[in-house]
1. Over region 375-437, what percent of the accessible surface lies on carbon and sulfur atoms, probe 1.4 Å?
2. Zone of residue 190 (label point 7 Å along Cα→Cβ, backbone N under 13 Å): which residues in region 400-417?
3. Whose amide H sits under 5 Å from the amide H of residue 73, counting only residues 5 or more places off or on another chain, with H placed in the peptide plane?
4. Could you pull out every one of the lysines with an alpha carbon less than 18 Å from that of residue 291, ignoring same-chain neighbours closer than 8 positions?
5. Can you work out ³J(HN,Hα) from phi for every residue in region 328-342, in order, using Karplus 6.51 cos²θ - 1.76 cosθ + 1.60 and θ = phi - 60°, giving whole Hz and x for Gly and Pro?
6. Compute the distance from the alpha-carbon center of region 402-430 to that of region 307-351, in whole Å.
7. Taking the Cα atoms only, what angle lies between the long axis of helix 220-232 and the longest principal axis of the chain, rounded to 10 degrees?
8. Any idea of the accessible area per residue across the chain, 1.4 Å probe, to the nearest Å²?
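The values are calculated or read from the model by the stated rules, or taken from the named source; none is laboratory data. Please read all numbers here as calculations on a predicted model, not as lab measurements. Cβ: placed from backbone, ideal geometry, glycine included. Neighbour counts: every protein chain shown. Only protein heavy atoms, including side chains, enter the accessible area calculation; ligands, DNA and RNA are left aside. Shrake-Rupley method; radii C 1.70, N 1.55, O 1.52, S 1.80 Å.
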Amino acid sequence: MRIHTIGGFNEVGKNMTAVEVGEDVFLFDAGLFLPPIVELEEREGVMEERKLRAINAIPDDLILDSKDLRRKVRAILVGHAHLDHVGAVPYIAERYNAEIYGTPFTTAVLKTLMADEKKEIKNPIRSIQPNSNFKVKCFDGKEKEIDFVNITHSTIQTSLMALHTKEGVVLYANDFKFDNSPQLGNKPNYEKLKELQKEGVKALIVDSLYASEERKTPSEKVARTLLEDVLLTTDNSKSAIIVTTFSSHIARLKSIVDFGKKLDRKIVFVGRSLNKYVGAAIKENLCPFQKDISVLSYRKQIEAGFRKINKNKDHYLIVCTGHQGEPGSILDRISKNETPLELSPRDHVIFSSKTIPAEINIANKSHLEKRLKQKGVRIFNDVHVSGHAGREDLRDFINLVQPEHIIPAHGELAKLSSMAELAHEMGYSLGKTCHLSPNLHHVDL
Ligand SMILES: [Zn+2]
């Protein structure tokens, strides 16, 4: 067995791992690296593969050609709907004669991305329910079984993926946290993980983003409480309320809508990416607040809606894009007076998010805040909990599945090294049973 670390091992983004077992190759995730394209978030027009490769925004899967592996790819498996995991699929999938597998929400988001980019691909797209399995036909005519194991994260229907091989299970765990009180969807499937341990986990490819943070990542119910405090116990009776969060975080959006209803405000969603993800959730019948919101999508609709809202700002709760200060996002445009919505002192802007620590995001967010403060609005930052496991969750995870080999993933070397340190603490030895493998390298097991 050879594990090719293609993307996401030198950076946070463009995740992709190829698992080669004999004559068969399985691709896990194909994501975008977002910082170089962040300014394109709310852009008009489409992206091209050539351009994305030139700015290093998609995984460098051409390496599979040089190793003559392209023709061996049997399946493209996508764990969840975040762009750094699914976003490159429309650009690379056609290179492979393979079907694409994801949960209903993930595949709905994928189809929305393709429609938006006017991309059509010939690969069949298969929808797999969380906590179910399926088989993929291999070179020798036999089949290999794959499990989608339900796990919690910051978007719905996230799965750990387990590939069953003769040599043991390859468990792909990017991204996840252990949330025992999820606000939407089911708890992690600990039972299945125990079963996989009994079968024998040969290799674990694992989300190391917060391996250095000595903590257990709090449940989404904590984020809900933080939101409740800001929305229901701070006087906002005469204020506009704008909340911005990750568009794919359907559970978080649900909490925001619940409190908006308690405030007896009309809830309005504004912005392209919100449209994308909420639309996909609605399509799959996974959006519990569908009837409680109205959506403004086209520019003219947004302008007319904002003109109306501007007359009675305290009757509405606006949920919009722009938590990273992305130029062209709705909050960015509001702050630059590019919409009819005027902010005044005492209005509330709530960031139910954390600024992603890339230079461009930090700069964008700081400019946005400066403009908002000039208007005298009150800013509520970090009304958020992470979707990634902390060090103590990772320790529990390793104890639970007892992998023979660990391959830290999802970050640059410093992050992967923290995971390796933890593995070392737990009795693994670097280079033998724990493997630091940068992009475009491989590990032989
Ligand atoms: Zn994710």
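1. Heavy-atom surface of region 375-437 belonging to carbon and sulfur, 1.4 Å probe: 49 percent.
2. Zone members listed by number: 400-401.
3. 25
4. Output for residue 291: 254, 261, 262, 266, 276, 283.
5. Coupling constants for region 328-342: x, 5, 4, 5, 4, 5, 4, 5, 9, 6, 9, 10, x, 7, 9 Hz.
6. Here the two parts' Cα centres lie 43 Å apart.
7. Around 10 degrees separate the two axes.
8. 41
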